[in-house]
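Reading through the structure tokens given below for one structure.
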Amino acid sequence: MAKPYSMDLRERVAAAIMAGQRREAVARRFEISLSSVGRYIRRFRETGTLAPDKFGGHKRYALADEEERLRDWIKERPDMTLAEIKDRLHESGIEVGQTAISNFLRHLGLSYKKNAARSGAGARGRQRGSRSLV
């Protein structure tokens, strides 16, 4: 996504429009789209400012409010799987996916059991020792 145009450009565009120039001519002169010119003028009329809205920033984790509870659960049962955590959260009325849980636990630096069904399984081709001939 592109960054917002500078305030200097926005002010020059608005000044040109207020001076009576047509929007099409202003768009060509400043090499911006006609829709941008329209947005700047509409924004100025509605809000009194040409400043862009907040751009970017940090998004909170969906489970940020549940940090203490998750830490307690992992402390009680370090072998708890993501599916089990998801089920316990569901019982509490919190609907999140396993990816959200995994990302939040990684953010907290907590470990968890990855998969109950494959607890010790490894790739068959990586076993040590000689193969028997049949």
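The values are calculated or read from the model by the stated rules, or taken from the named source; none is laboratory data. Quick caveat: nothing in here was measured; it's all calculated off a predicted structure. Using ideal geometry, Cβ is built from the backbone for each residue, glycine included, and neighbour counts are taken over all protein chains shown.
Total residues in region 49-71 satisfying the condition of being without any contact (Cβ under 8 Å) to a residue 24 or more places away in the chain, surrounded by 10 or more Cβ atoms within 10 Å (Cβ to Cβ) and not in a loop (DSSP other than H, G, I, E, B): the figure is 2. Any residue that is among the acidic types (Asp, Glu), modelled with pLDDT of 90 or more and under 30 Å from Ala2 (Cα atoms) - is there at least one of those in region 56-68? Among the residues of region 56-68, not one is among the acidic types (Asp, Glu), modelled with pLDDT of 90 or more and under 30 Å from Ala2 (Cα atoms), which makes the answer no.
Summed over region 72-93, the residues that are exposed (fewer than 15 other Cβ atoms within 10 Å of the Cβ) and outside any helix (DSSP H, G or I) give a count of 5.
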